[in-house]
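To start, the structure itself, in structure tokens.
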Amino acid sequence: MNIEQPPGPVYHFRGRSEHNLDGKGRLSIPARFRDVLRRQYDERLMVIPWHKCLRAYPFPQWEKLEVGLLSSMREQPEMKKMATYVIGGVVECQLDKQSRVLLPPKLREEGGIHREVVLSGVMTYFEILDKKSWEEENKPTAEDYAEFDVSLLKAGLM
């Protein structure tokens, strides 16, 4: 596999951590995620509800997604509904002085987010998931790990 490396360091969202929203719905962003934002982007996050979570994109990554969605709509008209939902539902969240973002009630409701959350890095964005939901639906089982091994072998990554 030949992967071209970009010039200079590239920072990605990696890892998973548990956090609590405060009474106003503010979420403290972990230091390693803040570091990615400050080194690679700026402190603006574009947050959208997605299935049973919220996805938080740095502003430049969000712009790439928007351009891609609009381009796809021209070639695949069936993408309009998704593009309308995603672009129409995004909320810009700026880090405050305590490195928190305010997640508005409607956004939390649409993402199924309650007080206890899990933040999970996905390279160019991170997900904010309700902790109970994450444990029920996303936490891998022993059977999942067996399937992971097979998938990695098939992809030539193991």
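Values in this text are rule-based calculations from the coordinates and carry no lab data. Keep in mind it's a predicted model, so treat the numbers as computed, not measured. All Cβ positions, glycine included, derive from the backbone under ideal geometry; neighbour counts span all protein chains shown.
With a 10 Å Cβ neighbour count serving as the proxy for reagent exposure, in which order, fewest first, do Trp50, Trp62 appear?
Details: Trp50 16, Trp62 24.
Ordered from fewest to most neighbouring Cβ atoms within 10 Å, Trp50, Trp62 come out as Trp50, Trp62.
If you keep only loop residues by DSSP, which trypsin sites (Lys or Arg not before Pro) in region 1-96 have at most 15 other Cβ atoms within 10 Å of their Cβ? It would help to have the intermediate numbers written out before the result.
Numbers: sites: Arg14, Arg16, Lys24, Arg26, Arg32, Arg34, Arg38, Arg39, Arg44, Lys52, Arg55, Lys64, Arg74, Lys80, Lys81; in loops: Arg14, Lys24, Lys52.
Counting only loop positions with at most 15 other Cβ atoms within 10 Å, the trypsin sites (Lys or Arg not before Pro) in region 1-96 are Arg14, Lys24.
Only Cα pairs under 8 Å and at least 6 apart count here; give the relative contact order of region 7-148 as a rounded whole percent. Please list the in-between numbers first.
Values: 221 pairs, mean separation 49.9, N = 142.
With pairs under 8 Å counted, the relative contact order is 35 percent.
If you take the charge dipole of region 30-158 about its Cα centre, with +1 on Lys and Arg Cβ and -1 on Asp and Glu Cβ, which of Leu129, Ser72, Ala31 is farthest toward its positive end?
Working it through, the farthest residue towards the positive pole turns out to be Ala31.
Quick check of the Kirkwood formula: for the chain, what is the inverse mean of 1/r over all pairs of different Cα atoms, in Å?
Working: mean 1/r = 0.0581 Å⁻¹.
Result for the chain, one decimal place: 17.2 Å.
Give me the compactness ratio for region 1-86, meaning the Cα radius of gyration over 2.2 N^0.38 Å.
Numbers: Rg = 16.0 Å, N = 86, 2.2 N^0.38 = 12.0 Å.
Against the empirical 2.2 N^0.38 Å value, I get 1.34 for region 1-86.
Take Ile128, Ile113, Ile87 and order them by how many other Cβ atoms sit within 10 Å, fewest up front. Write out the running numbers ahead of the final one.
Details: Ile128 27, Ile113 24, Ile87 15.
So the ranking, lowest neighbour count to highest, is Ile87, Ile113, Ile128.
Per DSSP H run of n ≥ 4, the term is -39500 (n - 2.57); total these for the chain, divide by its residue number, and report the mean residue ellipticity at 222 nm rounded to 500 deg cm²/dmol. Display every interim value, and only then the final one.
Details: 6 runs with 64 residues, N = 158.
Using -39500 (n - 2.57) per qualifying helix, the result is -12000 deg cm²/dmol.
Kirkwood Rh over Cα pairs of region 93-155 into Stokes-Einstein at 4 °C, 1.567 mPa s: D in µm²/s? Could you put the intermediate results ahead of the total?
On the way: Rh = 14.1 Å.
For the chosen part, D equals 92 µm²/s.
Would you list Ser151, Ser133 from fewest to most Cβ contacts within 10 Å? If you can, show how the numbers build up before the last one.
On the way: Ser151 11, Ser133 17.
Arranged by neighbour count, lowest to highest, Ser151, Ser133 become Ser151, Ser133.
Would you check the chain for Lys pairs whose C-alpha atoms are within less than 15 Å, ignoring same-chain pairs closer than 8 in sequence, and give me the count? Display every interim value, and only then the final one.
Values: Lys24/Lys106; Lys52/Lys106; Lys52/Lys131; Lys52/Lys132; Lys52/Lys139; Lys131/Lys139.
So the count works out to 6.
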